[in-house]
Amino acid sequence: MKRVIVGLSGGVDSSVAAHLLKEQGYEVIGLFMKNWHDDSVTISDECPWLEDSNDAMLVADKLGIPFQTVDLSEQYKERIVDYMFDEYEKGRTPNPDVLCNREIKFDVFMDIALELGADFVATGHYCRKATIEKNGKEIHQLLSGEDSNKDQSYFLCQLSQNQLAKALFPIGELQKSEVRAIAKSQDLITAEKKDSQGLCFIGKVRLPDFLQQQLKPKEGVIVEVDANFETYNNCIPIFDTKENELAYFSKKPDYKISDGKVVGKHQGAHYFTKGQRKGLGVGGTVEPLFVIDTDVNENVIYTGQGKQHPGLYRHVLFVSNEELHWVREDLALKEGQSMSVMARIRYRQDLEDATLHKVASGLYVEFKNKQSAITEGQFVAWYIADELIGSGVIS
């Protein structure tokens, strides 16, 4: 019997994953990851780890599998929380869920599982894995979940071949409704439990409170930029190379305070992200204000009225070589090559037609249609059909 260690989170998805593996004849062990100790920043009734850990223990008991808790809070703080603070300070918006999978679940946690003699690590992600052979070598594919509404392949976009080799996703073929029905039929305590939200393993967090632990409030101004701002209507130059064209369209406008009018004050540009509408506290506009850019050096937030404001839209983004990742290393582009793909810049966004262009310093992703709120620090992931083949951090 192969031994599988399941990351039991105390939710319905990982509970059913453990049940299915047991049914398939694996030797299953449940492990709960405790990644956080500070309850002062969590909205406590939303996802306290204690309740989750109890639910995970009750599920393991019901399934008749061994269970233990591992404390990974030190590694979580180092690899996820410190990274988040650092990114926000630079004016970028990180995605902790993607990082948590790469750095914690499929790295630190996986190492612990392998030390416990596990052949595989399983999670309750809505995605699938397939294995093909190419030139006599096994290649693992990361495929989107069958439930298109719940597909979580995007969150796993940074996994490597080595990590995928040891991963199992038992519920990837199922719809969420089927997962709940299985949990109910097995009388699992998590059958009706709401999906947890917020930060991976921490729960719902008051982000400003969370960030204020490290990033001190600092008053600055909110500037509104008119939709007819001249930069949006600049004449497009004639380009001598495709790379120059991509570089031009990937650049965001460089705003200064005089480009608009001051409409309010804020407590720190690093608390805000592109596309954000809530929390600005500015009224009296015809359409709601959206953040179109933040300048953490000058501590200024630039906004525009309405979700169609031209300052929100671009169709090209750039990923530097240091932050470029291929799940399918065998499909990685060489300099000068391009590839047609489907891509998304955030979780649950519909896949959009795009072309990848590899250049010496990194990779341009050119979308067919303009994208709203392309945000530095977030991940772009690209697919061929339903297979996620690579990703990168938006520069």
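Read-outs: derived from the displayed coordinates by stated rules, not from any lab. Because the structure is predicted, anything quoted here is derived from the model rather than measured. Positions of Cβ are backbone-derived with ideal geometry, glycine not excepted, and every protein chain shown enters the neighbour counts.
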What ³J(HN,Hα) values, in whole Hz, does the Karplus curve 6.51 cos²θ - 1.76 cosθ + 1.60 give for region 52-65 when θ = phi - 60°, with x put for Gly and Pro? 4, 5, 5, 4, 4, 5, 5, 5, 4, 4, 4, 7, x, 10
What nm value, rounded to one decimal, do you get for the distance between T131 and K62 when each label is placed 7 Å out toward the C-beta? 3.1 nm
Alpha-carbon Debye profile of region 3-212, log10 I(q)/I(0) at 0.11, 0.14 Å⁻¹: -0.51, -0.84
Compute the relative contact order of region 3-212 as a whole-number percentage, counting only Cα pairs closer than 8 Å that sit 6 or more residues apart in sequence. 29 percent
From the P(r) of region 218-352, could you give the percentage of C-alpha pairs in the tail past 27 Å? 35 percent
Find out how many positive minus negative residues lie around Y302, taking Lys and Arg as positive, Asp and Glu as negative, among other residues whose Cβ is under 12 Å from that of Y302. -3
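Full-extension gain between K242 and K256, please, as 0.36 nm times their residue separation minus the C-alpha to C-alpha distance.
Gain on stretching K242 to K256: 2.1 nm.
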Amide H neighbours of L168 under 5 Å, at least 5 residues apart or on other chains, H built in the peptide plane: list them. V121, A122, T123
Only Cα pairs under 8 Å and at least 6 apart count here; give the relative contact order of the chain as a rounded whole percent. 17 percent
Amide H of Q152: which non-local residues (sequence gap of 5 or more, or other chain) have their own amide H closer than 5 Å, using H built in the peptide plane? Y126, C127, G145
Too long for a 19 Å Cα-Cα cut-off, among K34/K105; K252/K274; K62/K176, are K62/K176
For an R0 of 35 angstrom, estimate the FRET efficiency from the Cβ-Cβ distance between A360 and T231 and round to the nearest 0.05. 0.80
Sorted by mean Cβ packing within 10 Å, highest first, what order do the peptides 131-141, 279-289 take? 279-289, 131-141
Inverse of <1/r> over all distinct C-alpha pairs of the chain, i.e. the Kirkwood Rh in Å, gives 22.7 Å
Working out 0.36 nm times the residue gap between V282 and S338, then minus their Cα-Cα distance, what length gain in nm do you get to one decimal? 15.8 nm
Taking placed amide H atoms and a strict 5 Å upper bound, the residues 5 or more places from K34 or on another chain that come that close are V70, D71, L72
Given the -39500 (n - 2.57) contribution per DSSP H run of 4+ residues, what per-residue ellipticity at 222 nm results for the chain, rounded to the nearest 500 deg cm²/dmol? -5500 deg cm²/dmol
Translational diffusion of region 278-361, µm² s⁻¹ [Kirkwood Rh, Cα pairs; Stokes-Einstein; 20 °C; 1.002 mPa s]: 132 µm²/s
